[in-house]
Amino acid sequence: MKVGLFGGSFNPAHDGHAHVAETAMRRLDLDRVVWLVSPQNPLKSDQETAPLEARMTSARAVAATVGPAMIVSDFETRAGTQWTVDTLRMLKARYPGVQFVWLMGSDNLASFHRWRGWTDIMHLMPVAVIARPGSQLDSRTAPAASRYARFRIPAPRAGLLPSLQAPAWTYLTAPLNPRSSSAIRRGEGLIPGGG
């Protein structure tokens, strides 16, 4: 089984998240996409994060618009992990027969080098980066993109990514969706380059 892992605060979830998940599912030929709703993003203050159940409800509603292959999970809360790298290690150990791919918007790739264990993540499983508005240039010149440039798979071959051994990654472009959680929280709905 080929499964995309799509982590985030989903504070709230919106159609931009659905766009990332759907693009990855279609272009990587995934069987499922698991939305991993984080208990608390360690890079954000807990005052700006809604309660987990509200974010789970939001993610379920948005994921349902894509289809039944979208699974919303509070695995990190149940497993007691705080960092993505620990979550991914645990999932790989628990499900050794699954071909996992870590999914992220290009806005996250731009700051990926600040994540704890980011190089370990690149070596744990293949990574698919999906273009988001306002971050294409920053993400393509990001430290992670530069460091792992020789492991980048051309987008036309992205369907091979789940079966490749890490490090391997791809950058997928698609019609851009400008929705942003931070803009929604501010009541704006749209923000260029937001996340």
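Structure values in brief
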quantity: Near pairs, Cβ below 6 angstrom, 6+ apart or cross-chain, from segment 161-173 (touching a residue at least 12 places away in the same chain (Cβ under 8 Å) and farther than 14 Å from Leu5 by Cβ) to any residue that is part of a loop (DSSP other than H, G, I, E, B) and of a type outside the set (Phe, Trp, Tyr); calculated: Leu164/Pro126; Ala168/Pro126; Thr173/Ala131
quantity: Residues of segment 141-157 satisfying the condition of being assigned to a helix (DSSP H, G or I) and hydrophobic (A, V, I, L, M, F, W, C); calculated: Ala144, Ala145, Ala149, Phe151, Ala155
quantity: From the options Ile121, Ile130, residue that is at pLDDT below 95, closer than 16 Å to Phe6 by Cα and hydrophobic (A, V, I, L, M, F, W, C); calculated: Ile130
quantity: Conditions (1) touching a Leu at 6+ places or on another chain (Cβ under 8 Å); (2) more than 17 Å from Val127 (Cα to Cα): number failed by Ala24; calculated: (2)
quantity: Members of segment 1-52 that are surrounded by fewer than 16 Cβ atoms within 10 Å (Cβ to Cβ), modelled with pLDDT of 95 or more and not aliphatic (A, V, I, L, M); calculated: Arg26, Asp29, Asp31, Arg32
quantity: Arg132 within 17 Å of Ala13 (Cβ to Cβ), under 17 Å from the mean Cα position of the chain (by Cα) and surrounded by 15 or more Cβ atoms within 10 Å (Cβ to Cβ); calculated: yes
quantity: Positions within segment 67-116 being under 20 Å from Leu161 (Cβ atoms), modelled with pLDDT of 95 or more and of a type in the set (A, V, I, L, M), in sequence order; calculated: Ala69, Met70, Ile71, Val85, Leu88, Leu91, Val98, Val101, Leu103
quantity: Any chance Leu109 is crowded, with 23+ Cβ neighbours inside 10 Å and either free of Cβ contacts under 8 Å to residues at least 40 places away in the same chain or within 17 Å of Leu124 (Cα to Cα) (or both); calculated: yes
quantity: Selection status of Arg78, exposed (fewer than 15 other Cβ atoms within 10 Å of the Cβ) and either of a type outside the set (D, E, K, R) or more than 27 Å from Pro154 (Cβ to Cβ) (or both); calculated: yes
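The values are calculated or read from the model by the stated rules, or taken from the named source; none is laboratory data. Keep in mind the model is a prediction, meaning the values are calculated, not measured. Glycine gets a Cβ as well: all are built from the backbone with ideal geometry, and neighbour counts include every protein chain shown.
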